[in-house]
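Written out below as structure tokens is the structure these notes cover.
A short reminder: the numbers here are calculations on the coordinates, not readings from a lab. As the structure is a computational prediction, the values presented were derived from the model and not from experiment. A quick note on method: Cβ atoms are made from the backbone with ideal geometry, for glycine too, and the neighbour counts reach across all protein chains shown.
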Amino acid sequence: MTDTIVARLAAAAKRYGPLTALDGVDLAVRRGELLALLGPNGAGKSTSIGLLLGLVRPDAGRAELFGFDPQRIEARRRIGVMLQSANLPPTLRVGELLRLTMSYYPDPRGYDETVALAGIADLLKRPYGKLSGGQQRRVQFALAMCGRPELLFLDEPTVGMDIEARQKLWAAIRALVAEGCAVVLTTHYLEEAEALAQRVVVLGQGRVLSEGSVDELRRRVALTRIRCASDLDAEAIAAWPAVVSATRENGHLRIATARAETVVRRLLDADPALSELEVQRAGLAEAFTELTRETAAEQEAA
Amino acid sequence: MDTVAVVAASPAATPAMPPRRVLGAYLAEARSECLRYLRAPGFMLPVTLFSTVFYLMFGVLPNHPGSDAARYMLASYTAFGVMGPGLFGFGVSLAIERDGGLLTLKRALPMPPGAYLIGKMVMAMVTATVVVILLLALGLGFGGVSLDPPHMLAMLAIGPFGVLPFCALGMFVGTLIKGQGAPVLLQLVYLPMAFLSGLWLPLSMLPKFLQQIAPAWPSYHLDQLALSAVGMRSGPLLPHVLALLAFAVVFLLLAARRLRRYG
């Protein structure tokens, strides 16, 4: 695996009036990797993507696409784009939209191959405006990858898709990555990042909070989830040492803690009738919540 | 895998886009713009029916024996009809596409520079030609107007040329306002301007002051060209052609400046 960098932000900053959207972000996308960009709303994900696509200009720092200014068409001929909201012409048929987008690229993927990979064979003759939200997303994905891009930007690609469509799109994304295409993915679904990403960058308040593999990110948060059926009082447990939170949901206790062994021992002592015990490492979701919560707390303290 | 990595390491070695494919992209964009609007009755019907129905009601159906009313109105409704595709084709679609994210997507995609605007321009020129043909058919077929071939050709040329300043004006309005407010604003430009240029009532029937400021409106100059094309006016054409070109350039520059600044 070569470590060639295909896109980069260097100390990039962007302000909108009094609001600082990006505050000195360094970000590098390597050839062939899938990089997930996570963060709560307003963290700077869209601005980062906008800078890399040349839609927004940085106030300070630099944005580069294949070593070029992102506004250069030579650089953009090597990327594919799926934006969060793009109302494509409703009266054009899917096949016409695909052929139009293919015409922009020097060496596009074959028409039939794109159709098969995106799973839109059944939609080609239909006007775009008559498609459901999930079908429109599939078409937008086809348009994003029809140019045989070396770098693909996917901004919230699976919003509005059912589970089956989402699984299919994931498979297509994996196939593209296997071909050597790099992907920058923003998503609200952490399981999506968990399923696809080799590297995760978490943004918060316009800064990079964390960067690393999914495992590394998860390890940063030492929380463990405990779930069990018990009559013990959740509020009392929440006051135990090392317990971060304890709640009751549908007759089950849910406890988050950094020291699972100690808490489980005490639970079993306190309630011999306790059953259905489950202990699980925190997922990306917990890690993510923890990371962004820490930053928010720091900000308030500052 | 390795050869691909080498390409990325030297940014100069980007995959070349052959000129034929670049030209193909311009053509594909223009074709798509034409197709999508020809299929959109919400655009085509008002743009083509406005002028033709008015002409039918006021110019063709009332019998004006021995008068040149049908011929005179063929010119003024041609000017009126040609304004529409420019103002609405450009203005409304730009305003809506700026709002709906399509323009953003197009800017991110490797669409060749200007293909988006050239595509819309071609669409407006085609639609304007359709409007002129419809009006000619009404005038010649039912209004008792007769035109010799050179005058017919002049009329046909008015469509694609005359629409250009209104494309630029529509584009400028489209950069001022986003989304569904644009049609209203454009009507507020379209109808008063047509009236003030003498397209509904002859200028000689309007107050003197309005007659004096009429050359300030591009539609006035378009009407003068149309009157020449139907043989109801003699006099130099060049000043009016230049005036229309000047309007087109000024509004194009204003719109381009706003698009660059605000997107």
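Numbers for the structure displayed
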item: The range A:210-259, residues that are surrounded by 19 or more Cβ atoms within 10 Å (Cβ to Cβ) and part of a helix (DSSP H, G or I); result: A:V214, A:L217, A:R218, A:I237
item: Options B:G81, B:G89, B:G100: the member that is within 14 Å of chain A (Cβ to nearest Cβ), farther than 21 Å from A:L83 by Cβ and touching a Ser or Thr at 6+ places or on another chain (Cβ under 9 Å); result: B:G89
item: Matching residues in the range B:103-114 - criterion: being more than 7 Å from chain A (Cβ to nearest Cβ) and either assigned to a helix (DSSP H, G or I) or among the hydrophobic types (A, V, I, L, M, F, W, C) (or both); result: B:L103, B:K106
item: Pair list, Cβ under 8 Å, 6 or more apart: the range B:33-62 residue in contact (Cβ under 8 Å) with a residue 12 or more places away in the chain and over 19 Å from B:G86 (Cβ atoms), other residue assigned to a helix (DSSP H, G or I) and of a type in the set (D, E, K, R); result: none
item: Failed criterion for A:L98 (all others in (1) surrounded by 20 or more Cβ atoms within 10 Å (Cβ to Cβ); (2) of a type outside the set (D, E); (3) closer than 23 Å to B:A16 by Cα; (4) within 10 Å of chain B (Cβ to nearest Cβ) hold); result: (4)
item: Criterion: touching a residue at least 24 places away in the same chain (Cβ under 8 Å), away from chain A (no Cβ under 14 Å) and within 22 Å of B:G100 (Cβ to Cβ) - qualifying residue of B:P218, B:P160, B:P183, B:P165; result: B:P183
item: All positions within the range A:153-179 that are touching a residue at least 40 places away in the same chain (Cβ under 8 Å) and surrounded by fewer than 15 Cβ atoms within 10 Å (Cβ to Cβ); result: A:A175
item: The lone exception for A:G129 - which of (1) more than 13 Å from chain B (Cβ to nearest Cβ); (2) of a type outside the set (S, T, N, Q); (3) in a helix (DSSP H, G or I) it fails; result: (1)
item: Residue list for the range A:15-34, filter: at positive phi and either within 14 Å of another protein chain (Cβ to nearest Cβ) or not in a strand (DSSP E or B) (or both); result: A:G17, A:G32
item: Qualifying residue in the range A:18-40 (condition: over 16 Å from the mean Cα position of the chain (by Cα) and of a type in the set (S, T, N, Q)); result: yes
item: Subset of the range B:241-260 (residues that are charged (D, E, K, R) and either in contact (Cβ under 8 Å) with a residue 12 or more places away in the chain or within 12 Å of B:P165 (Cα to Cα) (or both)); result: B:R258
item: Test: residue in the range A:102-124 that is free of Cβ contacts under 8 Å to residues at least 24 places away in the same chain, assigned to a loop (DSSP other than H, G, I, E, B) and facing chain B (nearest Cβ under 9 Å); result: no
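To keep it simple, each residue is scored yes or no on (1) surrounded by 23 or more Cβ atoms within 10 Å (Cβ to Cβ); (2) over 25 Å from B:H221 (Cβ atoms).
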| position | (1), (2) |
| --- | --- |
| B:T52 | no, no |
| B:P62 | no, yes |
| B:Y77 | yes, no |
| B:K120 | yes, no |
| B:V131 | yes, no |
| B:L156 | no, no |
